[in-house]
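Report on one structure; see the data block that follows.
The values are calculated or read from the model by the stated rules, or taken from the named source; none is laboratory data. Every value quoted in this text rests on a predicted model; they were computed, and no experiment measured them. As a convention, Cβ positions derive from the backbone with ideal geometry for all residues, glycine included, and neighbour counts pool all protein chains shown.
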Amino acid sequence: MQDSTHISFGVLTTGFTYRRFKFEGSLFNGREPDENRYDFDAHRWDSRAARLSFMPNKNWAVQISQGFLRSPEAHTPAEDIRRTTASAQYNRTFERGYWASAFVWGRNHVSGHGAARNLNGYTLESTVNFLERDYLYTRLELVDKDELLSDEDRARLGLTDHHASFRVGAYTLGGARELWNAEKLSLALGSDLTFYSKPAALDALYGRSPVSWKLFFRLRPGRMQNDSHATHDATQAPPHQH
């Protein structure tokens, strides 16, 4: 919902920059890959996207984009999606750390079968690295889901609409500490807690106040030896991934 292109085989992108502006355009195959992920899916380049970015200074980057995805879902081939996104990213370094944040909005305008509907998604996330080895992060999400329920779940809830839409929220708070940090590799231990919001109509399936918790190890390449690491440590959802 926040990516104007798609996870697909076959993408052609070109663009140009002028001072603090960048414009990009893409042609690509809009259909999702099938379940045989070891082969190539050759389809027509029937979809397109464009993005305009502006970077007013070294700390800020904003963008707006729109894409047309032809028949992206295999189980609903008659439906097309027009996807619009906007985002703002902020990165700032300071002594022995950095602060990286992003706000992303995306909308799917789904059309087909003589009907249309809009689905929105919002993400706000932020990571603070301090004392070089310590991290605190949060990720707040709200998203409209219209493919959340199976036929059995809809029957259980007494719903007849196959595209019943629900706004679901996930609110995560967590932290991590690097236990071992070498030039080429780092190992960290972390944990986070996620609270969820949802309509009361879903209580029979998910309970009244669902909560999840996890403990994890993080293994990744060592930090780059310049300020660009600030954009690599934030969990981001750029609108133009291929």
Requested in this report: For segment 133-167, enumerate the residues that are out of contact with any helix residue (DSSP H, G or I) (no Cβ under 8 Å at 6 or more places or on another chain) and aromatic (Phe, Trp, Tyr).
Outcome: TYR137
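Does segment 104-118 contain any residue that is of a type in the set (Val, Ile, Thr) and either on the phi > 0 side of the Ramachandran plot or touching a residue at least 60 places away in the same chain (Cβ under 8 Å) (or both)?
Checked against the condition, which is being of a type in the set (Val, Ile, Thr) and either on the phi > 0 side of the Ramachandran plot or touching a residue at least 60 places away in the same chain (Cβ under 8 Å) (or both), segment 104-118 yields at least one hit.
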Query raised in the report: If we keep just the residues of segment 131-147 that are surrounded by 14 or more Cβ atoms within 10 Å (Cβ to Cβ) and among the acidic types (Asp, Glu), which is nearest to LEU219 (Cα to Cα)?
Result: ASP134
Requested in this report: Scan segment 80-99 for residues that are surrounded by 20 or more Cβ atoms within 10 Å (Cβ to Cβ) and either part of a loop (DSSP other than H, G, I, E, B) or of a type in the set (A, V, I, L, M) (or both) and jot them down.
Outcome: ILE81
Query raised in the report: Does ARG20 qualify as being more than 20 Å from LEU142 (Cα to Cα), over 19 Å from the mean Cα position of the chain (by Cα) and basic (Lys, Arg)?
Result: yes
Query raised in the report: Mind checking which residues of segment 5-23 are among the small types (Gly, Ala, Ser) and either loosely packed, with under 14 Cβ neighbours inside 10 Å or in a loop (DSSP other than H, G, I, E, B) (or both)?
Result: SER8, GLY10
**Report entry** Top-ranked residue in segment 48-85 [being acidic (Asp, Glu) and within 13 Å of GLU32 (Cβ to Cβ); ranked as modelled with the lowest pLDDT]
**Finding:** GLU73
Query raised in the report: What number of residues within segment 180-197 satisfy the criterion of being closer than 16 Å to MET224 by Cα and of a type in the set (S, T, N, Q)?
Result: 2
Requested in this report: Scan SER65, SER26, SER53 and give me the residue that is closer than 20 Å to SER111 by Cβ, in contact with a strand residue (DSSP E or B) (Cβ under 7 Å, 6 or more places away or on another chain) and either crowded, with 16+ Cβ neighbours inside 10 Å or without any contact (Cβ under 8 Å) to a residue 40 or more places away in the chain (or both).
Outcome: SER65
Report task. Search segment 201-242 for residues being of a type in the set (Gly, Ala, Ser) and surrounded by fewer than 14 Cβ atoms within 10 Å (Cβ to Cβ), and hand back the single one that is modelled with the highest pLDDT. Result -> SER212
Report task. Take segment 1-23 and flag every residue that is hydrophobic (A, V, I, L, M, F, W, C) and closer than 25 Å to HIS109 by Cβ. Result -> MET1, ILE7, PHE9, VAL11, LEU12, PHE23
**Report entry** Number of positions in segment 121-149 that are of a type in the set (Val, Ile, Thr), over 14 Å from the mean Cα position of the chain (by Cα) and farther than 30 Å from PHE94 by Cα
**Finding:** 0
Query raised in the report: Out of the residues in segment 102-120 that are under 30 Å from TYR135 (Cβ atoms) and surrounded by fewer than 18 Cβ atoms within 10 Å (Cβ to Cβ), which is nearest to the chain's Cα centre (by Cα)?
Result: PHE103
Query raised in the report: Does segment 148-200 hold any residues that are out of contact with any Gly (no Cβ under 7 Å at 6 or more places or on another chain), buried (at least 16 other Cβ atoms within 10 Å of the Cβ) and either of a type in the set (Asp, Glu) or at pLDDT below 85 (or both), and which are they?
Result: LEU148, GLU178
Query raised in the report: Does segment 176-227 hold any residues that are aromatic (Phe, Trp, Tyr) and either within 24 Å of GLU125 (Cβ to Cβ) or in contact with a Pro (Cβ under 9 Å, 6 or more places away or on another chain) (or both), and which are they?
Result: PHE195, TYR196, TYR206, TRP213, PHE216, PHE217
